[in-house]
Structure formats: C-alpha cells, structure tokens
Amino acid sequence: MSSPHTHRAADSAAARVSARQAIAAVTSDFTELPEPVGAGRPDGPLAWSGYDDARAAAYERTGETESVVCGTAVVEGVRAVLVSFEFRYLGGSLGERTGDRLEAAYAAARAHRLPLVSLVATGGSRMQEGMRALSQLQRVAAQSALNRAAGLPQIAVVRDPTTGGGWATLGAGADVVLALPGAQVGFAGSRVRPPDADPSAYTAEGQLAAGAVDAVVPADRLRTRLGRWLRLLGSPARGPVAPPRALGDARPPGTGWEAVLRARSPERPRAAAYLDAYFSWREQISGDRCGGTDAGLLCGFGLREGRSVAYAAQCGTATRPAGYRTAARLIRLADRLSVPVLTLIDTPGAANDAEAERAGAGAAIADVFAAVAAARTPVTSLVIGEGGSGGALALAAPGRTWAAPDSYFSVIAPEAAAAILKRPRADAPGLAEELRLRPRDLVDLGVVRGIVGH
C-alpha cells in the first residue's frame with residue numbers, strides 16, 4: 001500500500017514538468033510567437049558577473065533561451081494565447097527578456113481577441129537583474145489590465161512551484177485559477193519564508209482552502225477542464241436568461257406561515273438540484289481572494305443550450321461574508337465578459353455571529369448590492385426557498401426576480417419580527433400573514449415579476 005508521502009511525491013512530479021511538456025499536456029496544436037526584438041546587454045543591466053554564463057548553462061540544460069515560452073494554441077477546440085514557464089531556466093524567474101515575451105503574448109491576445117492561459121512555474125523575479133527584474137511585475141500588471149479592459153478572459157494554471165511575483169501577478173491575478181495537486185503555491189518561496197511557517201499554507205490545497213484557488217485539478221484531467229473553462233468564458237448567452245422552472249411543490253401556500261414552513265422543509269429541492277436541471281454542465285469558482293470560502297453559496301459558470309451563463313446560488317444556509325465577496329467577484333467577472341447572470345436566492349439571512357461581523361459582513365453584503373446595481377450584463381433571479389431580509393435581497397435583480405411556489409421573501413423572518421416587536425414567539429404565524437411574504441403576495445406588491453411553474 002502506498003503512503004501519503006508517495007502520493008504527494010507523485011502529485012509534485014506531475015506538477016513539475018518542463019514548459020513544453022506543460023504545453024503538450026493541454027494541446028497538440030501550438031505555434032510559438034516570434035521572438036521580441038532586443039538582445040540585452042552583456043551580463044544584464046547590473047553587469048552581474050557570470051550572468052551570461054548562467055544563461056548559457058540554462059540554455060544547454062533546457063534548450064530554451066528564456067524562462068517562458070509563448071504562442072497561440074487550440075485547447076479542446078478553443079483558440080487561445082498560451083504562456084508556459086520553464087522552471088529549469090534560472091528557476092523560471094522573470095527578467096527583462098521575460099517581460100518582453102509576456103508583453104508580446106498579452107498584445108497578441110488583444111490583437112486576435114483571444115483568452116490568455118498562463119501555465120505558471122516560477123520562483124519570482126531574477127536576482128541578477130535586480131530592480132529591473134522586479135519592475136517587470138508592473139509591466140505584467142499593466143498588460144493584464146489592458147486585457148481585462150478589452151473583455152478578454154485570463155486563466156492561470158499554477159504548477160510546482162509558483163511563488164513570488166509570478167504568483168502575485170499571472171497566478172493570483174487571473175480570472176480563474178486552477179492548480180495542479182501537490183504544487184507549492186504562495187508568495188513566499190521555501191527559502192525565504194519564516195522557519196516556523198506551516199508548510200500546508202503554501203500548497204495548492206492550502207490556497208484552495210484559503211479562497212485563493214478555484215480548483216485543484218489532476219494532471220490527467222487538466223486539458224478537459226481547461227477546455228471547458230475556455231468555452232464557458234468565451235461563449236456568453238445573449239440577453240437575459242429565463243428563470244429555472246420550479247422543482248418543488250407547485251401548490252400555492254394558503255397562508256404566510258405555510259409558505260415559511262414549506263420553504264424551510266428539508267425535502268424541498270435546493271440550489272444544486274436547480275443548477276443540475278438548468279445546465280448541461282458547469283464549473284465552479286471558489287473563494288473570495290481574501291482568505292475565505294463559503295460552501296453555502298455556489299458560484300460559477302454553466303453551459304445552457306450551448307451558451308454560457310454565470311450563476312450565484314445560495315444553498316439554504318446563512319450566507320457568510322466570504323460567500324458574498326465570492327458572489328460579487330463572480331458578478332463583476334461575468335459583467336466584464338458580457339455573460340448573463342442567474343442568481344438563486346435561498347437563505348434565512350446573512351450570518352450575523354461575531355465571526356461574521358469581524359469578517360466584514362456589512363461591507364461584503366454592500367459589495368454584492370453594488371455589483372448587481374452596476375452590472376451592465378442582465379441579471380435574472382429566482383427565490384427557490386427562504387428569502388431572508390437583506391442577506392437575500394442582495395442577490396436579487398431589481399425588476400427581474402421571480403419566485404418558486406414553495407418560497408417566501410420577507411423583510412425579516414417572522415420569529416425575528418416577533419422579537420423586535422416584543423411579542424411572544426407564538427405570534428410568529430400571525431406575523432407571517434401580516435408580512436405578506438407569500439409568492440402571490442410578492443407579485444401583488446410588485447416585488448417579484450411572477451411565480452415560475454414546472
């Protein structure tokens with residue numbers, strides 16, 4: 001029987017391959033871009049003794065003249081610009097010539113309206129070029145900003161290792177971040193981090209748990225998953241999408257309290273069932289890029305009738321600040337790529353414990369309200385269960401929200417209303433009626449456009 005150590009070693013070996021092996025893992029159709037003009041000075045901008053010899057040795061070892069290989073490729077039928085790092089060339093470090101190649105790759109993506117995929121494996125900036133090397137990070141960031149402004153997607157695949165400025169620009173700065181299992185991923189490389197640092201924090205799996213990586217993908221599935229992401233980010237549906245059909249009980253509730261009980265029923269279909277019925281297939285993004293995740297809010301892109309739709313779906317739990325920040329990130333990305341958005345509303349309300357307050361619950365909810373309000377792409381919403389107060393309303397599209405028959409939407413839960421009004425909890429059923437929270441009440445009040453059928 002193999003040990004966990006054996007598995008980690010195998011994962012790491014899969015993550016640490018050459019630049020051209022990494023390219024071959026995702027495409028068999030690759031054309032390298034022309035070499036940018038500019039030969040550079042002997043021993044680099046610092047006249048670092050032996051630098052030319054080190055580059056010559058790196059060429060002999062790898063067959064590459066720089067730490068990055070750039071070109072156009074077809075990945076699972078989708079054309080893209082591909083950037084792949086060669087770690088054996090001076091640790092995959094970024095110098096001025098690297099910056100020249102990266103700038104040319106971003107420019108080619110803009111010229112041909114193509115997504116850019118980075119297969120990253122780097123130790124950071126090249127020491128032998130000093131601050132001239134470090135300044136390449138600004139150059140990469142500027143190019144990335146131009147591609148974002150042009151509405152072009154950027155996907156990173158982080159290999160072993162991905163550290164320093166390469167992680168802080170091409171890696172963590174991408175729209176979607178995939179990681180190979182066992183890869184070392186973090187801003188601090190193994191030689192400069194604190195000696196007592198927890199090593200698990202600097203892994204692909206650790207970054208996934210911290211909300212900085214969207215998925216850890218086995219090497220043998222990378223081509224398929226990358227191809228799916230390229231298709232999802234590049235083939236948006238046109239115009240607003242229709243809300244999903246109802247999956248639960250179609251009978252209209254007779255009273256407000258009945259609506260509340262049916263929305264809270266454990267047998268009622270939840271977000272995952274609605275998403276599976278709505279999409280042919282889907283891919284999920286994960287994390288708020290601020291250190292948090294929320295399993296109670298599913299975000300991602302799905303394929304419906306051959307076109308892409310983004311989704312943010314609450315799962316019936318109290319939504320945490322990380323969930324709202326992830327949803328805001330999703331909506332802004334979809335807006336930039338002109339992909340319509342579907343939101344599914346199902347929460348008793350926003351999490352309001354002390355941890356949620358310390359994590360910035362109010363600011364996170366405000367961020368979603370702002371993202372929905374500012375979105376130029378159409379947003380469609382469906383209340384599929386509980387619609388509890390502002391924590392639910394944040395995900396609702398003004399003028400384009402529908403309700404399922406077994407749902408309710410309320411300014412506050414009836415029990416909380418009783419507490420605020422200093423009335424006994426036994427008054428909650430009566431208050432549910434006064435709050436007019438049933439689907440048909442919401443239609444009459446102009447809060448939702450209609451009730452979806454089966």
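The values are calculated or read from the model by the stated rules, or taken from the named source; none is laboratory data. All values derive from a computational prediction rather than experimental measurement. Note that each Cβ is placed from the backbone with ideal geometry, even for glycine, and that neighbours are counted across all protein chains shown.
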Item to check | Test: residue in the stretch 367-378 that is in a loop (DSSP other than H, G, I, E, B) and either within 22 Å of G248 (Cα to Cα) or hydroxyl-bearing (S, T, Y) (or both) | outcome: yes
Checklist entry - Under the condition of being basic (K, R) and not in a helix (DSSP H, G or I), which residue from the stretch 395-446 is nearest to A328 (Cα to Cα)? => result R400
Next on the checklist: Can you find a residue that is among the small types (G, A, S) and either at pLDDT below 90 or touching a strand residue (DSSP E or B) at 6+ places or on another chain (Cβ under 8 Å) (or both) anywhere in the stretch 56-67?
Outcome noted: yes
Checklist entry - Here are D288, D294: which of them is touching a Lys or Arg at 6+ places or on another chain (Cβ under 6 Å), under 29 Å from A150 (Cα atoms), buried (at least 24 other Cβ atoms within 10 Å of the Cβ) and not aliphatic (A, V, I, L, M)? => result D288
Checklist entry - Which condition breaks for S190 when tested against (1) buried (at least 16 other Cβ atoms within 10 Å of the Cβ); (2) not in a helix (DSSP H, G or I)? => result (1)
Checklist entry - Quick one: in the stretch 212-252, which of the residues that are over 30 Å from V117 (Cα atoms) and at pLDDT below 95 is surrounded by the most Cβ atoms within 10 Å (Cβ to Cβ)? => result G248
Next on the checklist: Tell me whether the stretch 94-117 contains one or more residues that are of a type in the set (D, E), buried (at least 21 other Cβ atoms within 10 Å of the Cβ) and either on the phi < 0 side of the Ramachandran plot or in a helix (DSSP H, G or I) (or both).
Outcome noted: no
